[in-house]
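J.: Can you read through this structure? Questions will come right after.
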């Protein structure tokens, strides 16, 4: 597959593999991070800002999708090209959310790996056992810890940036937003650090794969941008005969 020959996805997959190996080799990292927010209980669990982030992420996702659909309708009716939103980009952002956060995170991972949440394990006053990521267990039956659905939703803006802008500042903002959502879930004892990191990579990989196959015009444009400096370097300067 030509897609897997790209340096970007090779780096993403390598980072994903390394992080998975580290979390499994050093399970104390997950527990140590969660312990930072535990003092007789996860004391930040009922703070207004952690509750707000937890309860508002669904509204944020629907608002984002509605905005993209609204831009598409506006462009069709006005014959304009605001943010370059066309039918393919609408399909793209919907598929990233459905496949990444919906199918992979909330169905394949959360419903099958059975990982107990931090607040439910013995180390933090619960009755369940800690299990590393990617290890199937029976410690949880439904709506389990691995991986984080809220974090997946928090990193969904990465797809919006890929589709609509691709500016580095916006990409950094999307990562920051996902990190804040992840922090709130970790501080609340609802997820381990590894839960949120896995959701980050799931959303990043799904967004990148679908971008490559659904929005080939953007891929070709990137290739031309990379080729232009090399092509210009081969042109003779004005001082050459």
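J.: How far, in nm, would the chain grow between residue 166 and residue 66 when pulled straight, counting 0.36 nm per residue and subtracting the alpha carbon separation? Walk me through the numbers before you get to the answer.
T.: On the way: separation 100, 0.36 × 100 = 36.00 nm, distance 2.00 nm.
Length gained, residue 166 through residue 66: 34.0 nm.
J.: Roughly speaking, what is the centre-to-centre gap between region 87-114 and region 177-220 when only Cα atoms are used, to the nearest Å?
T.: 11 Å
J.: Evaluate the Debye formula for the chain with equal point scatterers sitting on the alpha carbons, no solvent, and hand back log10 of I(q)/I(0) at q = 0.16 Å⁻¹, in q order, two decimals.
T.: Here the Debye-derived log intensity ratios amount to -1.15.
J.: How much space per residue, in cubic angstrom, does the convex hull of the C-alpha atoms of region 1-75 take up?
T.: Details: hull volume 12.2 nm³, N = 75.
Taking the convex hull of the Cα positions in region 1-75, it is 163 Å³ per residue.
J.: By how many degrees, 0 to 90 and rounded to 10, does the Cα axis of helix 193-214 deviate from the longest principal axis of the chain?
T.: It works out to around 30 degrees.
J.: Here's a follow-up. Please determine, in degrees from 0 to 90 and to the nearest 10, the orientation of helix 48-78 with respect to the longest principal axis defined by the Cα atoms of the chain, where the helix direction is its Cα long axis.
T.: 30 degrees
J.: While we're here: Please order 57, 73, 9 by the number of other Cβ within 10 Å, starting at the fewest.
T.: 73, 9, 57
J.: Percent relative contact order of region 105-221, based on C-alpha pairs within less than 8 angstrom and at least six residues apart?
T.: Values: 174 pairs, mean separation 32.3, N = 117.
Once normalised by length, the contact order is 28 percent.
J.: Follow-up. Which whole-number percentage describes the relative contact order of the chain, with Cα contacts under 8 Å and a sequence gap of 6 or more?
T.: 25 percent
J.: Tell me the angle of helix 216-233 to the major Cα principal axis of the chain, expressed in degrees between 0 and 90 and rounded to the nearest ten.
T.: For 216-233 against the chain, the angle is about 60 degrees.
J.: Now for a different question. Going by how many other beta carbons lie within 10 Å of each one, how would you line up 184, 15, fewest first?
T.: Numbers: 184 25, 15 14.
Fewest-to-most Cβ neighbours within 10 Å comes out as 15, 184.
J.: Quick check on the chain: helices-only [θ] at 222 nm, where DSSP H runs of length 4 and up contribute -39,500 (n - 2.57) each and the sum goes over total residues. Nearest 500, please. Numbers along the way, then the final one.
T.: Working: 9 runs with 141 residues, N = 241.
Result for the chain: -19500 deg cm²/dmol, rounded to the nearest 500.
Read-outs: derived from the displayed coordinates by stated rules, not from any lab. What you see is a predicted model; the values in this text were computed from it and never measured. Positions of Cβ are backbone-derived with ideal geometry, glycine not excepted, and every protein chain shown enters the neighbour counts.
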